[in-house]
Amino acid sequence: MYDMSALYEAKSVQDAVRLRLEHPEAQIIAGGTDVLVQMREGKRAGKSLISIQKVNEMRGISIDEEENIRIGSLTTFTHITNDPIIQQYINVLGEAVDMVGGPQIRNAGTIGGNTCNGVTSADSASTLHAWEAIVEITGKNGVRRIPIKEFYIKAGTVDLRVEDGEIQTAILIPKASYENTWGHYIKYAMRNAMDIATLGTSVNARLSADKKTFERVRIAFGVAGPVPMRALNAEAFINGKDVTLENIEAFGRAVLQDINPRDSWRASKAFRQHIAAESAKRCLIESVKLAGGEL
Amino acid sequence: MAKNQYQLVTCWINGREVEQMVDVRASLTDMLRGDFHLTSVKKGCEVGECGACNVLIDGECFNSCLYLAVWAEGKHITTLEGLTGPNGELSDIQQAFIDETAIQCGFCTPGFIMTAVEILNRNRLYSDEELRKLLSGHLCRCTGYENIFRAVKKTMLRRLGMLDDPFLNT
């Protein structure tokens, strides 16, 4: 038995918005792999829950009329990894979420939950930042869309307005982000499974037609600061440069101007800086290879 | 303290349609063990780390400790008890666990076997590395992982007709 005071089950998005307005104190629960653990730990003990588990209209992946890749917030990690649209256009996202927890957790956990938690270590978060994902939020006033960077306010807090009955309903990857672009993610953790990232690095690259020049490189980190973050100085350095190993190594060093990791029991600041530079380099090398470039 | 909240759940458990009134606070583990006496579903960590409570829901593995019983509405749930034949005959994967001595204390066994069922039902040939990743959601505190791995691998090869391949069956 879980120590909850009440359970409200939403049957549709509109139902969820209504329940949220009626019960502003309640916690939203999707896949349950975080909320139920926190409830068991006592952190959320005695709270009431609004379950959106049965809101099936929020599941699945499609390409919308504006050619965005649309990922319903309730889509599980396993379904993202196995989805043909993801595999064709943004394979790195499928690979990143395939490193969350273990197989049963990936069958239950959702990308919406992963982002609404607002934690910096979420395996999907750095890739979504690096691909400039758009978060779709539905509330009593309708739908609003904001860049994922603005969705993260601070550690553990995201831009969902309870007073407007808001829930996150989808994550969109714009065509401008995924077109002709290849990426790679490295999760550095102590174990190969059932572990939280010490550092997560996601890089994607678009090369010029002759594959000799970096047209657009984007990089984002998880656990390099209190929320997932881009490394804009490193991006500015590499864009327009020739595709060479020297430039990629300098790019790796440049990320140190951008990131601000902390000392924690998982790893020291110095160690995180070391793996950030190394991961940035390795991710970009892999992205260049996937894009058909040569080094 | 709010008053107790109950809900009627209709689902299929091991092929049989059932109806059960459940407390909304109950996990699926609570329901399967308490109401249906399916004690292969073990209570281990109860926070989704150990995999001892793993069951199949519509063909996918879930830690039933992190799944509310009311979410089972309309679902097809399979536990280890659902694998045996009408006269208690063991399935191939259960027999393989015996043959490979993949059981020591036995507490992790039902969970491991249900993950093996999900893997084997895909009828795909996985590399050793892939199989290890697919089995990584379970803890065996007797540390008998190698025998468990071998039982799953041999059953995969047997089903694919590749058990005699000297390069694969090592």
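Computed values, structure above
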| quantity | calculated |
| --- | --- |
| Pairs with Cβ under 9 Å, 6+ apart, first in region B:72-83 and at positive phi and not assigned by TED's automatic domain parsing to the domain that holds B:GLU118, second aromatic (Phe, Trp, Tyr) and surrounded by fewer than 20 Cβ atoms within 10 Å (Cβ to Cβ) | B:GLY74/B:TRP12 |
| Of residues in region B:42-58 being more than 10 Å from every other protein chain (Cβ to nearest Cβ) and among the small types (Gly, Ala, Ser), the one nearest to the chain's Cα centre (by Cα) | B:ALA52 |
| Residue check, A:LEU36 over 17 Å from the mean Cα position of the chain (by Cα) and either in a helix (DSSP H, G or I) or free of Cβ contacts under 8 Å to residues at least 40 places away in the same chain (or both) | yes |
| Yes/no for B:LEU139 being within 13 Å of chain A (Cβ to nearest Cβ), surrounded by fewer than 21 Cβ atoms within 10 Å (Cβ to Cβ), part of a helix (DSSP H, G or I) and among the hydrophobic types (A, V, I, L, M, F, W, C) | no |
| Flag for B:GLY88 being more than 14 Å from chain A (Cβ to nearest Cβ), in a loop (DSSP other than H, G, I, E, B), loosely packed, with under 15 Cβ neighbours inside 10 Å and not polar (S, T, N, Q) | yes |
| Those residues of region B:110-136 which are small (Gly, Ala, Ser), in a loop (DSSP other than H, G, I, E, B) and crowded, with 16+ Cβ neighbours inside 10 Å, in sequence order | B:SER136 |
| Output for region B:60-78, where each listed residue is more than 14 Å from A:GLY32 (Cα to Cα) and over 16 Å from the mean Cα position of the chain (by Cα) | B:GLU73, B:GLY74 |
| Criterion (more than 10 Å from chain A (Cβ to nearest Cβ), under 10 Å from the mean Cα position of the chain (by Cα) and of a type outside the set (Val, Ile, Thr)) met by exactly one of B:GLU81, B:GLU100 | B:GLU81 |
| Check on A:VAL162, more than 13 Å from the chain's Cα centre (by Cα), outside the structural domain of A:MET190 (by TED's automatic domain parsing) and aliphatic (A, V, I, L, M) | yes |
| Meets criteria (within 26 Å of B:PHE167 (Cβ to Cβ) and surrounded by fewer than 22 Cβ atoms within 10 Å (Cβ to Cβ)) for B:THR101 | yes |
| Residue list for region B:12-34, restricted to those being away from every other protein chain (no Cβ under 13 Å) and either of a type in the set (D, E, K, R) or buried (at least 20 other Cβ atoms within 10 Å of the Cβ) (or both) | B:ILE13, B:ARG16, B:GLU17, B:GLU19, B:LEU32 |
| Breaking point among (1) of a type outside the set (Val, Ile, Thr); (2) in contact (Cβ under 8 Å) with a residue 60 or more places away in the chain; (3) more than 14 Å from every other protein chain (Cβ to nearest Cβ), for B:CYS61 | (3) |
| Count of residues meeting criterion [of a type in the set (Ser, Thr, Tyr) and within 11 Å of chain A (Cβ to nearest Cβ)] in region B:1-11 | 1 |
| Leading residue by the ranking (surrounded by the fewest Cβ atoms within 10 Å (Cβ to Cβ)) among those in region A:55-88 that are closer than 14 Å to A:GLU136 by Cα and small (Gly, Ala, Ser) | A:GLY72 |
| Restricting region A:1-34 to residues that are within 9 Å of chain B (Cβ to nearest Cβ) and among the β-branched types (Val, Ile, Thr), the residue that is farthest from B:GLU49 (Cα to Cα) | A:ILE29 |
| Search result, residues across region B:95-128 that are closer than 24 Å to B:LEU38 by Cα and charged (D, E, K, R) | B:GLU118 |
| So A:PHE221, is it surrounded by 15 or more Cβ atoms within 10 Å (Cβ to Cβ), aromatic (Phe, Trp, Tyr) and in contact (Cβ under 8 Å) with a residue 60 or more places away in the chain | yes |
| Search result, residues across region A:9-33 that are over 25 Å from A:HIS79 (Cβ atoms) and not in a helix (DSSP H, G or I) | A:HIS23, A:PRO24, A:GLU25, A:ALA26 |
| Any hit, region A:90-112, residues being buried (at least 21 other Cβ atoms within 10 Å of the Cβ), modelled with pLDDT of 95 or more, touching a strand residue (DSSP E or B) at 6+ places or on another chain (Cβ under 8 Å) and in a strand (DSSP E or B) | yes |
| Region A:239-263 residues that are at positive phi, paired with ones that are of a type in the set (Ser, Thr, Tyr) (beta carbon under 7 Å, 6 or more apart) | A:GLY240/A:THR213 |
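Let's see how each residue does on (1) surrounded by 14 or more Cβ atoms within 10 Å (Cβ to Cβ); (2) at pLDDT below 95; (3) in the same structural domain as A:THR198 (by TED's automatic domain parsing):
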residue: A:THR244; (1), (2), (3): no, no, yes
residue: A:ILE248; (1), (2), (3): yes, no, yes
residue: A:ALA254; (1), (2), (3): yes, no, yes
residue: A:ASN260; (1), (2), (3): no, yes, yes
residue: A:TRP265; (1), (2), (3): no, yes, yes
residue: A:PHE271; (1), (2), (3): yes, no, yes
residue: A:HIS274; (1), (2), (3): yes, no, yes
residue: A:CYS283; (1), (2), (3): yes, no, yes
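Okay, residues lined up against (1) in contact with a strand residue (DSSP E or B) (Cβ under 9 Å, 6 or more places away or on another chain); (2) polar (S, T, N, Q):
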{"position": "A:MET39", "(1), (2)": "yes, no"}
{"position": "A:ALA45", "(1), (2)": "no, no"}
{"position": "A:LEU49", "(1), (2)": "yes, no"}
{"position": "A:ILE52", "(1), (2)": "yes, no"}
{"position": "A:GLU57", "(1), (2)": "yes, no"}
{"position": "A:ILE61", "(1), (2)": "yes, no"}
{"position": "A:ASP64", "(1), (2)": "yes, no"}
{"position": "A:SER73", "(1), (2)": "yes, yes"}
{"position": "A:HIS79", "(1), (2)": "yes, no"}
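The values are calculated or read from the model by the stated rules, or taken from the named source; none is laboratory data. All values derive from a computational prediction rather than experimental measurement. Glycine also receives a Cβ, built like all others from the backbone with ideal geometry; neighbour counts cover every protein chain displayed.
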